[in-house]
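Notes to accompany the following structure.
Quick note: the coordinates plus some simple rules give every number you see, no bench work behind them. All figures in this text were calculated on a predicted structure; none of them were measured in a lab. Note that we place each Cβ from the backbone using ideal geometry, even for glycine, and neighbour counts take in every protein chain shown.
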Amino acid sequence: MIKIQDLSKTFKSGEHDVRAVNQISCEIPDGVFCAIVGKSGSGKSTLLSLLGALDRPSNGSIEVDGTNIAKLSDTKLIKYRRDSIGFVFQNYNLIPNLTALENVMLPLEFKGIAVSQRKIRAEKLLEQVGITGIKQERKPGKLSGGEQQRVSIARALANKPKFILADEPTGNLDSNTGKIIIELLKKLAKTANTTVIAVTHDESIAKNAQMTFTLKDGKLVKN
Amino acid sequence: MGAISRGFKNAFRNGVRSLSVVLILSISIGMTLIMFMSLKTVQGKIDSVKSSIGNTISVSPAGIRGFEGGGDLLTNDSVSKISSIDGVSKVVTTLMDHLSDNTSLQPSQDAGNFGRRQQMSTNSQINSSSAPADSANHEFRMPIMVTATNDLSSIASLNISQLNMTAGEKFDGNSTDTVAIVGSELATKNSLTVGSTFQAYSKDIKVVGIFDAGNKFANGQFFMPIKALQVLSNQQDQINSVAVQVSTVDKLDSVVAALKTQFGDKADIVSSQDTEKEAVAPLENIKSISLYSLVGSMIAGAVILFLTMIMIVRERRREIGVLKAIGSSNVMVTAQFAVEAMVLTISSSIIGIILGTFLSNPILKVLVSSNTTQRTAGSAADGHAMMMKMGASVVSGAQGALRDLSATVSISIILYGLLAAILIAIIGSVIPSFIIAKISPAEVMRAE
């Protein structure tokens, strides 16, 4: 369960303050596929950064299983990100000179898992998302957009996270491939009891979600 | 695949850039090594020249050099105080004289044009001071030089570079006997053998030995015990020059100061190290050039690497954000980039060491030749008189050292090269690490 209370994030823009996230309060239960929709500039990515502990809020709290992650020290935040969260980005953000397998092994390496175990787990994860055989040894430049996103999802799942935070996961994909990716995320949410929070401006994806939050000018309008 | 192997892989990620950086850095490291080897080689030579020259101080009467100049000679009394100065290990005294009419010896050298010219110059001075009118009609003979000493083993004081006895033996320098060792040319000219006598100063002088000093001029003279010559030539108590041997280099300056205090302006005091300074000046020049170049090359290498790493970190800013987002700490990311820097630097060092090995001698020879032509002419002219006293071996020793300079590559120098490379890598990686630490993982959420 994620409990968000009066969450705000303010940025300085020239002489003015911009409230990218403005007093958001909500709860997200475990294991749901949740969509956060809104137009460009509505604060979706900022909210995702805060939920993913990539940034600290200016005000408010984010409680995850009783712990307020907004108050964690830098070292604990790194650990929290590593163990509890998996990221899926619009631009995939795979390391270009590592193979698909090596990319998925990265979070396992950061956790300190032994090399041989890393490899076995990474292979299984890639198989789960449909990347098998020789494709596991290819670098991202030799994979299609959809395949890269699958690798990205496998990487996100590496450390068995509580949440997967996906920022416009289908933004760079065609509609068919996008649908496949969303289905994959939904399936994984169910089978692994992982909460999936996907930020999107695509209303069609929101329709597939169990929970949808709409953001407008940093404020939440729950559907 | 850990941070180390990722860093290693990343070093070759951009082939063209990595190759360019490695080439430039290898020149910098190679130059650092060449200058370091040059520095060590030259310092070694300077030390060996200094130790071969020894610790000698020359004391000459002020205004007098050999038979030139004017003024008063040094006295027995003043010289006897030298031995009591702290640090003095030996005192060698010499007295010189010319014999022309007052000897039965015939000179071994013909006057030639040079000799006649010197004689005409002397005669014109004599004529101008109302000398007998027939002095110009005297048949001209070359004067014969006699040098007297209290120590025949100090050959530098005798203005010769070698003293090989071909017959007989050397005399005791402290003796008052009217004995002499005669140069081979003079002995042959006058049919002298060991045991012969010749006349000088209206006295019989016995030949106890015959020597070869290596050249015609030196072999045309004879040596006597100083006390004997002082009596014979009516120069009692007179001394032309003193060579003071000091026990260690450390005491040189204090002994020079004590001598200057004792003699004031009555004597010129010159230490071997002062004279040697002129002779090793080219070596010191090369040493300075090497040192500045060494420092310059190292700084250039560090700057090249530093700028390259800054460029790489900025280029991969987003990637660094991703690594942090998926759980990497600042330390792990920095380690990865440090390994990349180290790989570039060590690759450059290997090429640089090879360059240094092959180019150190040619470059050292260029440095030597550009310094030798500027300095040797000057030193020969300036230090001539003192060189006469100290011995030609000082100058020739230093010039020989210059010619013999050659850098040798040893394991320790290669290790120094690698150490320099690692230092450059550390300097080049440290500052980019601050940039890495400042990159926020939230940056990955921003659109490209």
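Among the residues examined, B:Arg6 qualifies as within 14 Å of chain A (Cβ to nearest Cβ) and in contact (Cβ under 8 Å) with a residue 24 or more places away in the chain. Taking each residue of region B:153-182 that is within 15 Å of B:Phe217 (Cα to Cα) and looking for partners that are hydroxyl-bearing (Ser, Thr, Tyr) and part of a strand (DSSP E or B) with beta-carbon atoms closer than 8 Å, six or more apart or interchain, yields B:Leu158/B:Thr94; B:Leu158/B:Thr147; B:Leu158/B:Thr149; B:Asn159/B:Thr147. Scan region B:9-46 for residues that are among the polar types (S, T, N, Q) and either away from chain A (no Cβ under 14 Å) or in a helix (DSSP H, G or I) (or both) and jot them down. Scanning region B:9-46 gives B:Asn10, B:Ser18, B:Ser20, B:Ser26, B:Ser28, B:Thr32, B:Ser38, B:Thr41, B:Gln43.
If you scan region B:154-213, which residues turn out to be among the hydroxyl-bearing types (Ser, Thr, Tyr) and either closer than 16 Å to B:Ala228 by Cα or assigned to a loop (DSSP other than H, G, I, E, B) (or both)?
B:Ser154, B:Ser161, B:Ser175, B:Thr176, B:Thr178, B:Ser191, B:Thr193, B:Ser196, B:Thr197, B:Tyr201, B:Ser202 - these are the residues of region B:154-213 that are among the hydroxyl-bearing types (Ser, Thr, Tyr) and either closer than 16 Å to B:Ala228 by Cα or assigned to a loop (DSSP other than H, G, I, E, B) (or both).
Go through region A:124-176 and give me each residue that's charged (D, E, K, R), closer than 22 Å to A:Ser204 by Cα and within 14 Å of chain B (Cβ to nearest Cβ). A:Asp167, A:Glu168, listed by residue number. In the set B:Glu315, B:Glu340, only one residue is out of contact with any strand residue (DSSP E or B) (no Cβ under 8 Å at 6 or more places or on another chain), crowded, with 19+ Cβ neighbours inside 10 Å, within 14 Å of chain A (Cβ to nearest Cβ) and among the charged types (D, E, K, R); that residue is B:Glu340.
Could you say which residue among B:Val79, B:Val22, B:Val42 is more than 30 Å from B:Val303 (Cβ to Cβ), surrounded by 15 or more Cβ atoms within 10 Å (Cβ to Cβ) and not charged (D, E, K, R)?
Of the residues listed, the single one that is more than 30 Å from B:Val303 (Cβ to Cβ), surrounded by 15 or more Cβ atoms within 10 Å (Cβ to Cβ) and not charged (D, E, K, R) is B:Val79.
One residue alone among A:Phe89, A:Phe11 is touching a residue at least 40 places away in the same chain (Cβ under 8 Å) and within 12 Å of chain B (Cβ to nearest Cβ), and that residue is A:Phe89. Listed conditions (1) surrounded by fewer than 23 Cβ atoms within 10 Å (Cβ to Cβ); (2) out of contact with any strand residue (DSSP E or B) (no Cβ under 7 Å at 6 or more places or on another chain); (3) within 27 Å of B:Leu158 (Cβ to Cβ) are all met by B:Ala279, apart from (1).
Just checking, does region B:161-174 include any residue being among the aromatic types (Phe, Trp, Tyr) and out of contact with any helix residue (DSSP H, G or I) (no Cβ under 8 Å at 6 or more places or on another chain)? Yes: one or more hits.
Does A:Leu98 satisfy the condition of being touching a residue at least 24 places away in the same chain (Cβ under 8 Å), buried (at least 17 other Cβ atoms within 10 Å of the Cβ), within 14 Å of chain B (Cβ to nearest Cβ) and not in a helix (DSSP H, G or I)? Against the criterion (touching a residue at least 24 places away in the same chain (Cβ under 8 Å), buried (at least 17 other Cβ atoms within 10 Å of the Cβ), within 14 Å of chain B (Cβ to nearest Cβ) and not in a helix (DSSP H, G or I)), A:Leu98 qualifies. Residues of region B:25-58 that are among the small types (Gly, Ala, Ser), under 15 Å from the mean Cα position of the chain (by Cα) and farther than 29 Å from B:Ile351 by Cβ: B:Ser48, B:Ser51, B:Ser52, B:Gly54. For region A:35-61, filtering for residues that are part of a strand (DSSP E or B) and either surrounded by 22 or more Cβ atoms within 10 Å (Cβ to Cβ) or hydroxyl-bearing (Ser, Thr, Tyr) (or both) leaves 4.
Taking the listed residues B:Gly15, B:Gly30, B:Gly2, B:Gly115, the one that is surrounded by 15 or more Cβ atoms within 10 Å (Cβ to Cβ), more than 30 Å from B:Ile144 (Cβ to Cβ) and small (Gly, Ala, Ser) is B:Gly30, with no other qualifying. Inspection of region A:78-94 identifies no residue that is farther than 24 Å from A:Leu185 by Cβ and not in a helix (DSSP H, G or I).
For B:Gln230, the criteria (1) out of contact with any helix residue (DSSP H, G or I) (no Cβ under 7 Å at 6 or more places or on another chain); (2) part of a loop (DSSP other than H, G, I, E, B); (3) within 20 Å of B:Thr178 (Cβ to Cβ); (4) not acidic (Asp, Glu) hold in every case but one, which is (2).
In this structure, does B:Ile286 turn out to be crowded, with 22+ Cβ neighbours inside 10 Å and away from chain A (no Cβ under 14 Å)? Taking the combined requirement at face value, the residue satisfies it.
Residues in region A:58-68: is at least one more than 20 Å from the chain's Cα centre (by Cα), of a type outside the set (Ser, Thr, Tyr) and on the phi > 0 side of the Ramachandran plot?
Within region A:58-68 (the criterion being more than 20 Å from the chain's Cα centre (by Cα), of a type outside the set (Ser, Thr, Tyr) and on the phi > 0 side of the Ramachandran plot), the answer is yes, since at least one residue qualifies.
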